[in-house]
Amino acid sequence: MIRQQKSQQINTTASTKKLNSSKQPIETCAYQPRICTQPVLEQYDYCIKHILEDKNAPFKPCGYAYPINNKRCLLPAQRGDKKDIGYCPLHMWKTQMKRQRSMSKYVP
């Protein structure tokens with residue numbers, strides 16, 4: 001009975017050590033107007049939603065304008081050439097799919 005208790009204690013301490021060692025403090029977003037608990041992007045102080053607040057980040061606002069109300073998308077897009085409009089991943093995918101459909105042959 002004593003052996004079982006000791007083996008259980010050893011197993012539980014070993015498993016808690018694994019859990020504690022694997023937990024690293026997650027840095028949260030530095031957005032000031034309100035508290036944001038999202039994890040930050042590597043090498044930056046902001047999450048993907050607020051990365052546009054960092055002027056040194058290689059992101060710019062998405063260049064997509066919604067056709068219904070002509071409002072612009074609020075998601076970040078990778079900063080590329082100055083000539084490049086630059087879309088967020090969602091609108092980049094949508095424009096590529098639209099282009100593919102228009103290029104494909106119409107089969108009646």
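Every number here is computed from the coordinates shown, using simple stated rules; none is lab data. The model shown is predicted, which means the values in this text are computed figures rather than measured ones. Reconstructed Cβ throughout: ideal geometry from the backbone, glycine too, with neighbour counts over all protein chains shown.
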Can you find, among Ala30, Pro67, Ile48, the residue farthest towards the positive end of the dipole of the range 23-103? Put +1 on the C-beta of Lys and Arg, -1 on that of Asp and Glu. Pro67
For Ala30, net neighbour charge (Lys/Arg +1, Asp/Glu -1) across residues whose Cβ lies under 10 Å away: -4
What does the convex hull of the Cα atoms come to per residue for the range 23-103, in Å³? 144
Given H placed on each backbone N at 1.01 Å, which residues far from Cys36 in sequence or on other chains put an amide H within less than 5 Å of it? Tyr31
If you put +1 on each Lys and Arg Cβ and -1 on each Asp and Glu Cβ, how big is the dipole of the range 23-103 around its Cα centre, in Debye rounded to 20? 540
Whole-number percent relative contact order across the range 23-103, with pairs defined as alpha carbons under 8 Å at least 6 apart: 17
Rounded to whole Hz, the Karplus (6.51, -1.76, 1.60) HN-Hα couplings of the range 85-100, x for glycine and proline: 5, x, 10, 5, x, 5, 6, 4, 4, 4, 5, 5, 5, 5, 5, 4
